[in-house]
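Participant: Handing you a structure now.
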Amino acid sequence: MSDVFSALAEVLAARKTASPDSSYVASLYHKGLNKILEKVGEECTETLLAAKDAEHSGNVEELVYETADLWFHTLVMLSQLNVHPDQVLDELARRFDLSGLAEKAARSDGD
């Protein structure tokens, strides 16, 4: 999985310097972080609705499609902020052996 994220990270980084007319991602970068965040929010909502539909229908095809859109736009957001997906994967790996309750308790804000 990290190979896919790393490959996408390279493409997304390259699009930062591309003309906004040359690609969808370059146009998002050109429009700025607020537009990227708007897309993440939109894809999040679509993913949630697809999950509800999947619960009732048993068909997860749309859920997988919308989740891919959400992950993609989240990667664009991370790239805009110069965060490599490996940093997120490293954080997930760090948490892997922690109990969810212990991890939550270890946070300074208690959330």
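The values are calculated or read from the model by the stated rules, or taken from the named source; none is laboratory data. A quick note: this is a predicted structure, and the numbers were derived from the prediction, not measured. All Cβ positions, even for glycine, are placed from backbone atoms using ideal geometry, and neighbour counts span all protein chains on display. To get the accessible areas, we keep the full protein, side chains included, count just its heavy atoms, and leave off ligands, DNA and RNA. Shrake-Rupley method; radii C 1.70, N 1.55, O 1.52, S 1.80 Å.
Participant: Any number yet on Rg/Rh for region 1-58, C-alpha, Kirkwood? Intermediate results must be reported in sequence, preceding the final value.
Facilitator: On the way: Rg = 15.0 Å, Rh = 13.3 Å.
Result for region 1-58 is an Rg/Rh of 1.13.
Participant: Keeping every protein chain present and rolling a 1.4 Å probe, give me the accessible area per residue for the chain in Å².
Facilitator: Details: 7630 Å² over 111 residues.
For the chain, the per-residue accessible area is 69 Å².
Participant: Any idea what the dipole of the chain comes to, in debye rounded to 20, about its Cα centre with Lys/Arg Cβ at +1 and Asp/Glu Cβ at -1?
Facilitator: Working: 10 positive and 20 negative charges, 94 e Å.
For the chain, the charge dipole is close to 460 debye.
Participant: Sort region 36-86 into rounded, prolate or oblate with this rule: let a ≥ b ≥ c be the square roots of the eigenvalues of the Cα gyration tensor; rounded if a/c is under 1.5, and if a/c is not under 1.5, prolate when a/b is larger than b/c, oblate otherwise. It would help to have the intermediate numbers written out before the result.
Facilitator: Working: a/c = 4.22, a/b = 2.37, b/c = 1.78.
Prolate shape, in that a/c is at least 1.5 and a/b is the bigger ratio.
Participant: In addition: Using a 1.4 Å probe on the protein heavy atoms, what percent of the accessible area of the chain belongs to carbon and sulfur?
Facilitator: Working: 4410 of 7630 Å².
So the carbon and sulfur contribution to the accessible surface is 58 percent.
Participant: Another question, if that's okay. Quick one: pull the percentage of alpha-carbon pairs in the chain with a separation above 25 Å. The partial results should precede the final answer.
Facilitator: Working: 2306 of 6105 pairs.
Tail of the P(r) past 25 Å holds 38 percent of the pairs.
Participant: If you don't mind, another one. Rounded to the nearest 500, what is the 222 nm mean residue ellipticity of the chain from helices alone, with -39500 (n - 2.57) per DSSP H run of 4+ residues and division by all residues?
Facilitator: Working: 6 runs with 86 residues, N = 111.
It comes out at -25000 deg cm²/dmol, rounded to the nearest 500.
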